[in-house]
Structures are given as C-alpha cells and as structure tokens.
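Okay, so here's the structure we're looking at.
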Amino acid sequence: MRAFKRFGMIMAVAALLAALTVPATAGQVPKTFKMAAMFASGIENAWARALVDSFEALKAEKPHGLEMSLDYTENVWGEKTLATMEAYAESGKYDVILMHSSGTDEAEQLMERFPDTMFVVTGSGNTALGGNMYLLYMHVHEPSYLIGMIAGAMTQSNILGLVGLFPADDVNDQVHAYRAGARAVNDQVKLKVSFIESWYDPAKASEAANAQIAAGADVIFQLGESFEVCKQKDIPCFGNYVDLSSIAPKVVPTSTIANWEPHIKYLIEEWRQHKMTGKPYNAPREKVWFSMAQGGSGLAPYHEFENIISAAIKDKVAKTKADIKSGKFTVKLDMSMPKSD
C-alpha cells in the first residue's frame, strides 16, 4: 500500500512538472499576431519598404483570422541593435522580433532568456542558430535575370552597368543573374559592376552610376535606389525590391519585387505551432527563402515602357518567367564575388 501511495505521489509530481513546462496558453487558438521590426535605415529604403508593404498586404488578408500588427524602429545598427532588441523582448508585447539586417550576435544573447519569443534575422552576414532564432533570406536573382534580358535587348552600346550595395551573397546573385539574362539575348554584352559598400547611400549610388555612364554604359541596374543621374542623362535604370517607377517613370522600365508574404506566413505557421502545442521552437539551422514560383519575388509592370520595350523581348521575358515558375528553366543561384567584364 505504501509503495502504491509513493508511486501515486511520484506520478502527481511528474504531472505537475510537466504542466509547468507547457505554457498556460498551449492548446488555445491565438487571435492576434504582433511583430516588432528593426531597420538599419529608414523605411524609404526599398529593402525595408518591401517588408512593411508585404506585412500590410498580409494584415489585410488576415491569415487564420489573425489581427496582425507591426511596430518598428528605424536606423537601428551597431550598438543600438542589442539595446533595441532587448527592449522589445522585455516588453513582453511581441510574438516575433525581427532585425531586418545583421543581428545574429544580438539574438544569440537573448534567445535563451526569452524562449517564447521568435527572434528573426534576414539577409547575408547572419547565421542560422536553430531554437527560437530564424534566418530568412531574400533571393531576387530570378527577376534580376528577366531584367537582364530586357537590358540586353535595349542597349545600343552593348555595355551595361550595375550599381551594387555590399558584395554580399544576396547581392552577388543578382549581378550574375542580370549578366546571364542579358547574354541570353545579346552575347555581345559586357557588364560594369560597382559596389558602394553601403546598404543605403543614394549619393554614392548616384556617383557610381555617373561613372558607369561615363564608361559607356547606356542601361543600368540601380540597386542603390538613385535615379537622378539616370534622369539627367536619359539612361534607363532598373529598380530593385519594390516598384520604383513612380520615382522616375521616364527612366525606370521595371523593377524586381521582393515579396515577403511567404516568409511572414512561414513565421506565422511556426509561431502558431508553438502557441498551440506548447512545444519549443525548433528553427532550421539553415536559411529559409522562397523562390519566384513560391511567390517570393516578382517583376513590376512596365508602366510607361509598355510601348517602348519591344513586343519580341516582352514575349521572351513572359515565356522565361513562365518557364521559371513551372520549373522548366532554372536561374543559377551564383553567390560568388562578381567582377566587371
């Protein structure tokens, strides 16, 4: 009898300990989703703007009937990163805390203290740590290839320019894809590549574009979001991450589109699983990204260039885009250091 009672007490204690390890909300269906984001620049930067726009689009869609909200802080980098991330975590208000730039070291310092918070970093220079720390990537090499096709058909000098940011793997992939797309329609094309060594510096981007034009480039892929020189010299300059036609409609034929909706949906599904089961987060120890076929990227409309770009090249671009989405054609993901021709 004593052994039976002792066994019963042990089982009761075990049940209590198990209950303490499972959040009180486990099994409940969450109704709200709150994200905090930190941007290394202001949201006028297309990289940041794309994520905000995607979140707002998804907010209107209301996946799982969720009421979604996004708070963010701009110009967070360097020493500000840890303090800002920690303040968001300590508030207890947010399900997801996202650093839209480098932030692995800071997230690593906080993730064990806040196991019910999902920490997310994006882009190159970060490491996937697993647990409750997720690494998201945005590869837009596929629409960059399509832009290259248009540029290769438009050039008269057979010299193209590309103004890059840092020579990082999620920038390098665009350079290689742009060149490959151009050469798919024009094997005489040569590419001038410049890196401004900044994620956002329109003045440096303008200087780089001006130098490329002086070197003979008559079409430029402007990753640096500066179009004043393009307007002054009447040079077609493609945009990146968001539709930038409205900034310079006479010189921007189209832009790559960075769609963060699949990424945010992925985070929501991981978060709901955690909330509803009480199980710890188990992030993959590798980057998570979504292809054009999965809705992760796209190409903006041609706007005022609809009747300027030839019907033949538009048809080729449309076919290639369809082939990419169907899996019939694959744009190589080359993240090696690119050089000018």
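Please find, among 294, 232, the residue that is free of Cβ contacts under 8 Å to residues at least 12 places away in the same chain, surrounded by fewer than 17 Cβ atoms within 10 Å (Cβ to Cβ) and among the polar types (S, T, N, Q). If you could, list the steps in order and put the result at the bottom.
Details: 294 fails: free of Cβ contacts under 8 Å to residues at least 12 places away in the same chain.
Going through 294, 232 in turn, the sole match is 232.
Which residues, counting only those in the stretch 317-332, are of a type outside the set (Asp, Glu) and in a helix (DSSP H, G or I)?
317, 318, 319, 320, 321, 322, 324, 325, 326
When you go through (1) more than 16 Å from residue 174 (Cα to Cα); (2) among the acidic types (Asp, Glu); (3) touching a residue at least 24 places away in the same chain (Cβ under 8 Å) one by one for residue 201, which number turns out not to apply?
Residue 201 satisfies every listed condition except (3).
Could you please find all residues in the stretch 173-199 being in a helix (DSSP H, G or I) and touching a strand residue (DSSP E or B) at 6+ places or on another chain (Cβ under 8 Å)?
Residues satisfying the conditions are 174, 175, 178, 179, 182.
Is one or more of the residues making up the stretch 274-286 of a type outside the set (A, V, I, L, M, F, W, C), under 29 Å from residue 219 (Cβ atoms) and not in a loop (DSSP other than H, G, I, E, B)?
no
Mind checking whether some residue in the stretch 139-154 is under 26 Å from residue 295 (Cβ atoms), part of a loop (DSSP other than H, G, I, E, B) and touching a residue at least 24 places away in the same chain (Cβ under 8 Å)?
yes
Return the residues of the stretch 287-316 that are assigned to a loop (DSSP other than H, G, I, E, B) and either under 16 Å from residue 262 (Cβ atoms) or hydroxyl-bearing (Ser, Thr, Tyr) (or both); say none if nothing qualifies.
287, 289, 290, 291, 292, 293, 294, 295, 296, 302, 310
Tell me, please, whether a residue that is of a type in the set (S, T, N, Q), surrounded by 12 or more Cβ atoms within 10 Å (Cβ to Cβ) and under 25 Å from residue 272 (Cα atoms) can be found in the stretch 47-65.
Initial filter on the stretch 47-65 (of a type in the set (S, T, N, Q)): 54.
Still in the running and surrounded by 12 or more Cβ atoms within 10 Å (Cβ to Cβ): 54.
Narrowing the set further to residues that are under 25 Å from residue 272 (Cα atoms) leaves 54.
Looking for residues that are of a type in the set (S, T, N, Q), surrounded by 12 or more Cβ atoms within 10 Å (Cβ to Cβ) and under 25 Å from residue 272 (Cα atoms), one finds at least one in the stretch 47-65, hence yes.
In the stretch 91-128, what residues are surrounded by fewer than 18 Cβ atoms within 10 Å (Cβ to Cβ), touching a Ser or Thr at 6+ places or on another chain (Cβ under 7 Å) and modelled with pLDDT of 95 or more?
The answer is 104, 127.
Return the pair list, or none, for Cβ contacts closer than 6 Å from residues in the stretch 46-69 that are not assigned by TED's automatic domain parsing to the domain that holds residue 246 to residues that are surrounded by fewer than 20 Cβ atoms within 10 Å (Cβ to Cβ) and not hydrophobic (A, V, I, L, M, F, W, C), at least 6 apart or on different chains.
Sorted first by the residue in the stretch 46-69, then by its partner, the pairs are 54/261; 58/261; 67/32; 68/59; 69/34.
Are any of the residues in the stretch 253-260 over 27 Å from residue 101 (Cα atoms) and not acidic (Asp, Glu)? Let's see the steps before the verdict.
Of the residues in the stretch 253-260, the ones over 27 Å from residue 101 (Cα atoms) are 253.
Next, only the ones that are not acidic (Asp, Glu) stay: 253.
Within the stretch 253-260, one or more residues are over 27 Å from residue 101 (Cα atoms) and not acidic (Asp, Glu).
Could you tell me whether residue 242 is touching an Asp or Glu at 6+ places or on another chain (Cβ under 8 Å), assigned to a loop (DSSP other than H, G, I, E, B) and closer than 30 Å to residue 70 by Cβ?
So residue 242 fits the description; yes.
Here is a list of conditions, (1) of a type in the set (A, V, I, L, M, F, W, C); (2) touching a Cys at 6+ places or on another chain (Cβ under 8 Å); (3) surrounded by fewer than 18 Cβ atoms within 10 Å (Cβ to Cβ), and residue 220 meets all of them except one; can you say which number that is?
The number of the failed condition is (3).
The values are calculated or read from the model by the stated rules, or taken from the named source; none is laboratory data. Here the structure is a predicted model, which means the values were calculated and not measured. Cβ atoms come from the backbone with ideal geometry, glycine included; neighbour counts cover every protein chain shown.
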